[in-house]
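Once you've had a glance at the structure underneath, I'll fire off some questions.
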Amino acid sequence: MKVIQIEYSGPLHGTVRIPGAKNSSLALLAAACLADDIVTLEGIPDIEDVRTVSAICGDIGMELKREGDAVVLDPRWIHSAEIDSRKASSYRASYYFAGALLPKFGRVTIGFPGGDDFVSRPIDQHMKVLRALGARIEMHRDHYIVEAARLEGANIYFDMVTCGATINAMLAAVRANGRTQLYNAAVDPEVVDTAAFLNQLGAKIYGAGTSTIRIEGVPYLNGGRHTVIPDRLIAGSFLMAAGLHGGQVTVKDVIPEHLGSCNAKLEEVGLHVACGENDITAYGTGSLKATRIRTGMYPGFATDLQQPMTALLLQAPGKSIVTDRVFPKRYAHVPQLRRLGAEIELRRESAFVRGGLPLRGGWVHATDVRAGISLIMAGLAAEGITYVTGVEHIERGYEDVIGSYRSIGAKLSICELDAMDVQGRISR
Ligand code: EPU
């Protein structure tokens, strides 16, 4: 079993090149099914979730080859819209294949989405979108079937702001008959990126990045080339790492505007943040202030950054409060941080963090990508050695987590240990 071993590391210094965004890549790869010619996507990270998508593409007949950090997809040979249930359920964004295959095939069979478990992650808004455009949905034990002889444009009002369902609605509506209007749409960079890609292929999507999106259906989409946006969530967690013991970390190849709320919060807790055109540098001052965080949909403070930020706040003397309103149960990292000596109390949708206490190394388990990063950060600040299991979750989102943290001076390595031995230590 893979285990990440982390030693206390002093101030972190260095520059990290930020890869393409996981969440955008997963949408763009599925969106490529809608094209009628070859598509090249640049900057797609080589991570586990992308490998799962590649396997799905192979199953349905979409040719996919990697050329460096670009992926070339040929959707002309797709012969099936039956997605293997096990593969669909091994990550979250498989639902994009429902929206992307339905317009061409009229019937999609697909497993329920899996991925990070935040206790409750409904997909009712995805279903609502597909039904509004004229689809029938049949639910089975481990899969669902979406069917529509023809998709008709519609006015859709989302019950809440959702990035995933907004993207899925654009995918399903782009080749529908007539006009679709999305109200209360998400304004996340991933939504804008997907719309930019589809428009590049000949789609007519207007207003992405605002709460109202208009889509005029088109009969076909061309091939084309597009570069995925940089991963703002990876960038944010590296900037936070500068706050541990007063380091200095530069993230390059980023879009600074995407990190506005993260940078503002870092300034609030005592870091200094300087933005260039495509890079951001965070300077730790060695002293951190406790704060209050409430996550929100973009441009609010991202739920994905709440977990690494909690690890940073363990170093800020005083009481911080972290409230996650997007995923109110996204606190699986908290019991693990407690194993390292953290004092965090969970009440309803908030974590009350008593910062400034010493942490000590121990065995902890990562349950999802961002929880894993939170544990790595805590391990870098803990006396002694911290061992993190659940490495496969971290690898779902990071290409080279060890190499990138090492490049800024973090002392960590990965090793293979006997699974039984590890289980014994984790369950203690
Ligand atoms: N929601 C519903 N019904 C739906 C869809 C969403 O109630 O049908 C709710 C969710 O429960 C949540 C809110 O709407 O309270 C926003 O959820 P959203 O749809 O935006 O999330 P998602 O598409 O499931 C994506 C990312 C997550 C990220 C959220 C932030 C992917 C694959 N995942 O999830 O990323 O936290 O947006 O909005 O794009 C990660 O990368 O670690 C990760 C978990």
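The numbers here are math on the coordinates, done by the rules we state, and not lab data. Here the structure is a predicted model, which is why all the values come from computation and not from measurement. Cβ atoms come from the backbone with ideal geometry, glycine included; neighbour counts cover every protein chain shown.
For region 257-293 and region 3-27, what is the separation of their C-alpha centers, rounded to whole Å?
17
Could I ask something else about it? Filter the GluC sites (Glu not before Pro) in region 219-308 down to the DSSP loop ones having no more than 15 other Cβ atoms within 10 Å, then list what survives.
Values: sites: Glu257, Glu267, Glu268, Glu277; in loops: Glu277.
Hits after loop and neighbour filter: Glu277.
With the calculation restricted to Cα positions, what are the radius of gyration and Dmax of the chain in angstrom?
Here Rg and the maximum Cα pair distance are 21.6, 62 Å.
Count of lysine pairs in the chain with Cα atoms under 20 Å apart, counting only pairs 8 or more residues apart in sequence or on different chains?
11
In whole angstrom, how far apart do the alpha carbon centroids of region 31-97 and region 365-427 sit?
28
Would you mind classifying region 132-279 by shape? Square roots of the alpha carbon gyration tensor eigenvalues, ordered a ≥ b ≥ c; an a/c under 1.5 is rounded, otherwise it is prolate if a/b is larger than b/c and oblate if not.
prolate
Give the dimensionless ratio obtained when the Cα radius of gyration of region 219-276 is divided by 2.2 N^0.38 Å.
1.50
Hey, can you rank 147-154, 343-350 by average C-beta count inside 10 Å, highest first?
147-154, 343-350
Which one of Pro328, Ser237, Phe112 is farthest out on the positive end of the charge dipole of the chain, using unit charges on Cβ (Lys, Arg +1; Asp, Glu -1) and the Cα centre as origin?
Of the candidates, Pro328 comes out farthest on the positive side.
Then there's this: Relative contact order for the chain: what is it in percent, counting Cα pairs under 8 Å that are at least 6 residues apart?
20 percent.
Nearest 500 deg cm²/dmol is fine: what mean residue ellipticity at 222 nm does the chain get from its DSSP H runs of n ≥ 4 alone, each adding -39,500 (n - 2.57), divided by its residue count? Please report the intermediate quantities before stating the final value.
Working: 15 runs with 138 residues, N = 428.
Rounded to the nearest 500, the figure is -9000 deg cm²/dmol.
Give me the angle, in degrees from 0 to 90, between the Cα long axis of helix 189-200 and the longest principal axis of the Cα atoms of the chain, rounded to the nearest 10.
Roughly 30 degrees, rounded to the nearest 10.
Same structure again: Of Ala282, Ala31, Ala70, which is the most mobile in a GNM of the chain whose springs link Cα atoms less than 10 angstrom apart?
Residue with maximal mean-square fluctuation among Ala282, Ala31, Ala70: Ala70.
Could you tell me how many degrees, from 0 to 90 and to the nearest 10, lie between the Cα long axis of helix 163-173 and the main elongation axis, the longest principal axis, of the Cα atoms of the chain?
Between the helix axis and the principal axis of the chain, the angle is about 10 degrees.
Using a Gaussian network for the chain with springs between C-alpha atoms less than 10 Å apart, which of these wobbles most: Asp116, Asp59, Asp124?
Asp124
Ignoring solvent entirely, what values of log10 I(q)/I(0) come out of the Debye formula for region 139-211 at 0.12, 0.15, 0.21, 0.22 Å⁻¹ when each Cα is a single scatterer?
-0.34, -0.53, -0.93, -1.00
With both bridge residues required to lie in the chain, what share of the DSSP beta bridges run antiparallel, to the nearest 5%?
Percentage antiparallel, nearest 5: 70.
Moving on. Over the Cα atoms of region 199-339, how large are the radius of gyration and the largest Cα-Cα distance (Dmax), in Å?
18.3, 59
Cα atoms only: what Rg and Dmax, in Å, come out for region 1-49?
When restricted to Cα atoms, region 1-49 yields Rg and Dmax of 17.1, 53 Å.
Please report the base-10 log of the normalised intensity I(q)/I(0) for region 22-227, using a Debye sum with one equal scatterer per alpha carbon and no solvent, at each q in 0.13, 0.14 (1/Å).
-0.62, -0.73
Students often check this: by mean Cβ neighbours within 10 Å, which of 172-179, 222-229 ranks highest, and how do the rest follow?
By packing density, highest mean first, the sequence is 172-179, 222-229.
While we're on this one: Rank-order 357-366, 414-423, 283-292 by packing density, defined as the average count of other C-beta atoms within 10 Å over each peptide's residues, highest first.
Ranking the peptides 357-366, 414-423, 283-292 by packing returns 357-366, 283-292, 414-423.
Using only Cα atoms, what is the ratio of the radius of gyration of region 328-394 to 2.2 N^0.38 Å?
Its radius of gyration relative to the 2.2 N^0.38 Å reference: 1.04.
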